């Protein structure tokens, strides 16, 4: 097990290096001079040169990349052009909000997804099965920002049950968490159903039934435990979606998280901030996948051998 | 399905079609996809009005309101903030979605199949380099990567194609590589090699045709993903730029008028949902039809 974790950690290093390189390249392709962006279009050329020197923009690209990497390793992602604050601080200030949104929607997704998936599988080809699978596919097909807008229309404007946007009370989180969660509940439900159907055809389930166990015990103790293993992977695969989904959701519900910060950075052409957010999110994503892989290996010992 | 000895013999693709034909949801998906494509192609003939034509005296009218710019005299789905006909804009928006779906998948397939075939067939260093690049691309949450690319290249529909292809090929390459790894060990490939055929000919004529099934499924599943990605980018203002109608930028514009004309934001979303839903149904059906072993 320890071997496996170490192997995965080593494997993550080149990936992270590549991620930083691509992030660096992307932001260097952007048209426009960051120094001019900072000072404004009509800035004095001497002042622009001074800033360029200060920022190290006159150094060769590989030196700039090396410095970017070295600073990033120390947690220094530069300063925002627009606010002058350290990028790392701006990210860390907003990130907990995004995590809160992501976790509450993950909770909704797993609770709803598992329940619907298991019922659909146990009652295969029933009305519930057909109806919930159609709804689940529709849920996967609808763009999340549109679901959010429609939810605001119905529950906020029309029924007036919940606040439309903002972030002042826990009540404000209900709608965003459900909107984001339901989308992932749909894929979890589809996946749970199909793995569960595989599992209940296995011999050990027939054995459990044959020895006279109650159906409830067969389903919950024998089948569910084994069906959960692949579901963990699918939940892991959703981390990316959950992150990007929360970006869109935050923008719509005006939640001051990382997503809204990134949209703000984009519209203000704040290069270091955009760069920092892309890198930070990618790192979080790599770490998240690592945790999923490790927990998968923990649940299913066969994985460790590969 | 009646199996057994078949003197006439049916081709693989005919079998696939026979299985697909029996799958009602998939056929429903296929029909909607065909209708959607037809609508996109003949949008100018179907639209009651020019999608760019404004009428500031009739702003944000509810569905069914009388119209001066529509040929039938009504805003069937209402009008937007410039008095333009929402229905016509949705019909023209189908062109954006269709072209994003198809062109991005053509690029993804071209790059992904080439890379995957090279990596799988030659193995070794080629394989390692290609697959490590793919791993790095997989490490980006995709929307974030698209945002980065759009930020770097500037918002336009062409850059949406590029952004989608830049990251999308990696998944296709992984898929093709795993197929090629398996197929290159087959006896018929060895026979082809023994005959002295060139690598290119073996890959193109003997290996790739046998990967067509998974590739087709992946493309069918990739189109709805691309349509959703374009909608998200346009919604963030990074994709198709107004006044050109795209379903994503329509929803973005509609958000500001939720109180005055709530229907405005509903229609483009329904268009996206039906389209993506149908592609997903078709993709599920094709997967089952191409690999009947998976069928329950």
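The values are calculated or read from the model by the stated rules, or taken from the named source; none is laboratory data. The structure presented is a predicted model; accordingly, all values stated were derived computationally and were not measured. Note: ideal-geometry Cβ built from the backbone for every residue, glycine included; neighbour counts use all protein chains shown.
So here's what we get for this one:
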item: Subset of region B:147-163 [within 14 Å of chain A (Cβ to nearest Cβ) and at pLDDT 90 or above]; result: B:159, B:162, B:163
item: All positions within region B:126-148 that are more than 16 Å from residue A:12 (Cα to Cα) and touching a residue at least 24 places away in the same chain (Cβ under 8 Å); result: B:127, B:130, B:142, B:143, B:146, B:147
item: Test result for residue A:229, outside any helix (DSSP H, G or I) and either more than 30 Å from residue A:197 (Cβ to Cβ) or in contact (Cβ under 8 Å) with a residue 40 or more places away in the chain (or both); result: no
item: Qualifying residue in region A:152-164 (condition: under 22 Å from residue A:250 (Cβ atoms), part of a helix (DSSP H, G or I), at pLDDT below 85 and out of contact with any strand residue (DSSP E or B) (no Cβ under 7 Å at 6 or more places or on another chain)); result: yes
item: Residues satisfying the stated conditions in region B:104-130, i.e. out of contact with any helix residue (DSSP H, G or I) (no Cβ under 6 Å at 6 or more places or on another chain) and within 14 Å of another protein chain (Cβ to nearest Cβ); result: B:128, B:129
item: Region A:259-282, residues that are closer than 27 Å to residue A:191 by Cβ and more than 8 Å from every other protein chain (Cβ to nearest Cβ); result: A:259
item: Of the criteria (1) at pLDDT below 85; (2) touching a helix residue (DSSP H, G or I) at 6+ places or on another chain (Cβ under 9 Å); (3) within 30 Å of residue B:262 (Cα to Cα), which one residue B:68 fails; result: (2)
item: From the options B:106, B:96, residue that is at pLDDT 95 or above and under 25 Å from the mean Cα position of the chain (by Cα); result: B:106
item: Qualifying positions in region A:17-30 - touching a helix residue (DSSP H, G or I) at 6+ places or on another chain (Cβ under 6 Å) and at the interface with chain B (Cβ under 8 Å from one of its Cβ atoms); result: A:18, A:19, A:23, A:26, A:27, A:29, A:30
item: Subset tally (residues that are under 24 Å from residue B:100 (Cα atoms) and surrounded by 17 or more Cβ atoms within 10 Å (Cβ to Cβ)) for region B:21-47; result: 10
item: In region B:229-269, residue surrounded by the most Cβ atoms within 10 Å (Cβ to Cβ) [restricted to those that are more than 29 Å from residue A:159 (Cβ to Cβ) and at the interface with another protein chain (Cβ under 8 Å from one of its Cβ atoms)]; result: B:238
item: Output for region A:248-270, where each listed residue is in contact (Cβ under 8 Å) with a residue 40 or more places away in the chain and crowded, with 24+ Cβ neighbours inside 10 Å; result: A:249, A:250, A:252, A:253, A:257, A:258, A:259, A:261, A:265, A:270
item: Criterion: in contact with a strand residue (DSSP E or B) (Cβ under 6 Å, 6 or more places away or on another chain) and more than 30 Å from residue A:185 (Cα to Cα) - qualifying residue of A:79, A:7; result: A:79
item: Residues of region A:231-258 satisfying the condition of being at the interface with another protein chain (Cβ under 8 Å from one of its Cβ atoms) and closer than 25 Å to residue A:76 by Cβ; result: A:243, A:247
item: Scan of region A:256-284 for residues that are outside any helix (DSSP H, G or I) and in contact with a helix residue (DSSP H, G or I) (Cβ under 7 Å, 6 or more places away or on another chain), ordered by number; result: A:256, A:257, A:269
item: Hits in region B:272-294 - residues which are more than 10 Å from chain A (Cβ to nearest Cβ) and touching a residue at least 40 places away in the same chain (Cβ under 8 Å); result: B:282, B:283, B:285, B:286, B:287, B:288, B:289, B:290, B:291, B:292
item: Filter result (surrounded by fewer than 18 Cβ atoms within 10 Å (Cβ to Cβ) and assigned to a loop (DSSP other than H, G, I, E, B)) within region B:111-154; result: B:123, B:154
item: Residue within region B:3-20 that is at pLDDT 85 or above and in contact with a strand residue (DSSP E or B) (Cβ under 9 Å, 6 or more places away or on another chain) present; result: no
item: Residue that is surrounded by the most Cβ atoms within 10 Å (Cβ to Cβ) [pool: residues in region A:37-50 that are without any contact (Cβ under 8 Å) to a residue 60 or more places away in the chain and under 36 Å from the mean Cα position of the chain (by Cα)]; result: A:38
item: Qualifying residue in region B:177-187 (condition: surrounded by fewer than 21 Cβ atoms within 10 Å (Cβ to Cβ), over 20 Å from residue B:118 (Cα atoms) and within 14 Å of another protein chain (Cβ to nearest Cβ)); result: no
item: Among the residues listed as B:239, B:225, B:196, B:154, the single one being more than 18 Å from the chain's Cα centre (by Cα) and under 30 Å from residue B:256 (Cα atoms); result: B:154
item: Those residues of region A:104-145 which are at the interface with chain B (Cβ under 9 Å from one of its Cβ atoms) and more than 20 Å from the chain's Cα centre (by Cα), in sequence order; result: A:124, A:134, A:137, A:138
